[in-house]
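S.K.: Take a look at this one; I'll ask things after.
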């Protein structure tokens, strides 16, 4: 049985970054409820769509996603590696955005996933998000497919540091940096003027003075092989895959669905709008995740 979840347990929902959706009907609710009831070992795959209610926009949603709201494109891995100017721009924006990004709280979907985990329905949570909201909600077996913004590593040696500790160092070196902004991005950075960027002092590794990079798989980079293999093992050890808030556009997530179908596992998707795998999965419900999951956790 699931614990009944009171409304006061969840922070106020942010709707500014939630795309338009059709409220779930009885058929939608039953499809997801029956799917969860049928399976005891579900691998849950989550994407940026589950964090929109926490105030973090996704990338691709019509009208409200990052690409729809601005001409911003995420930093490319090779550009970050090659060009100090790109690193300066990234770290300046990330520095200013970090206090708000790190203060974001889980929403009803994160807590519903935790309830499914407590009910021993979930083998693992594979998330494409770097925001650590699953951790904040109390989830345990979380695989961060694209890494995390909460750890920073040196590109030349083995040094690594917590992002919160690096923030203190950057504050000491950039005491006059300030900005007003209305939207943080999925990876935690914000808009700044060129003047602000140019005067920003970029952090370097204290051991070798090499460049520092958040432990995030940037666009154009590859998910580490050991992580890919761990995910493959978790998929094989599950009896079903449940996708929440992901369009599955990037191959690192889409291949999880391909593997699951190759292994004859049932796959359900709960996501606003179309996904890359709609034509090969068993169940697709297009609505807001929390509207279905919170009710299911109250009645199963």
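The values are calculated or read from the model by the stated rules, or taken from the named source; none is laboratory data. These numbers were taken from a predicted model, which means no experiment stands behind them. A quick note on method: Cβ atoms are made from the backbone with ideal geometry, for glycine too, and the neighbour counts reach across all protein chains shown.
S.K.: Working only within region 161-180, note down all residues that are exposed (fewer than 14 other Cβ atoms within 10 Å of the Cβ), in contact with a helix residue (DSSP H, G or I) (Cβ under 9 Å, 6 or more places away or on another chain) and either more than 20 Å from residue 207 (Cα to Cα) or modelled with pLDDT under 95 (or both).
M.R.: 171, 178
S.K.: Which residues, counting only those in region 220-270, are under 29 Å from residue 80 (Cβ atoms), touching a helix residue (DSSP H, G or I) at 6+ places or on another chain (Cβ under 6 Å), surrounded by fewer than 22 Cβ atoms within 10 Å (Cβ to Cβ) and at pLDDT 95 or above?
M.R.: Residues satisfying the conditions are 221, 223.
S.K.: Could you give me the residue pairs with C-beta distances under 8 Å whose first residue belongs to region 157-178 and is in contact (Cβ under 8 Å) with a residue 60 or more places away in the chain, whose second residue is exposed (fewer than 10 other Cβ atoms within 10 Å of the Cβ) and in a helix (DSSP H, G or I) wherever it lies, and which are 6+ apart or on separate chains?
M.R.: Short answer, once both residue conditions are applied: none.
S.K.: If you don't mind, there's one more thing I want to ask. Tell me yes or no: at least one residue of region 97-107 is at pLDDT below 90, surrounded by 21 or more Cβ atoms within 10 Å (Cβ to Cβ) and part of a helix (DSSP H, G or I).
M.R.: yes
S.K.: Sticking with this one: Of the residues that sit in region 58-71 and are farther than 20 Å from residue 215 by Cα and surrounded by 15 or more Cβ atoms within 10 Å (Cβ to Cβ), which one is modelled with the highest pLDDT?
M.R.: 60
S.K.: To continue, here is another question. Against the conditions (1) in contact (Cβ under 8 Å) with a residue 60 or more places away in the chain; (2) assigned to a loop (DSSP other than H, G, I, E, B); (3) crowded, with 17+ Cβ neighbours inside 10 Å, where does residue 277 fall short? Just the number, please.
M.R.: (1)
S.K.: Here's something else I'd like to know. So, of the residues in region 234-271 that are over 25 Å from residue 147 (Cβ atoms) and touching a residue at least 40 places away in the same chain (Cβ under 8 Å), which turns out to be nearest to the chain's Cα centre (by Cα)?
M.R.: Ranking the qualifying residues of region 234-271, first place goes to 268.
A quick yes/no check of all residues on (1) under 23 Å from residue 233 (Cα atoms); (2) in a loop (DSSP other than H, G, I, E, B); (3) in contact (Cβ under 8 Å) with a residue 12 or more places away in the chain:
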position: 112; (1), (2), (3): no, no, yes
position: 126; (1), (2), (3): yes, no, yes
position: 129; (1), (2), (3): yes, yes, yes
position: 140; (1), (2), (3): yes, yes, yes
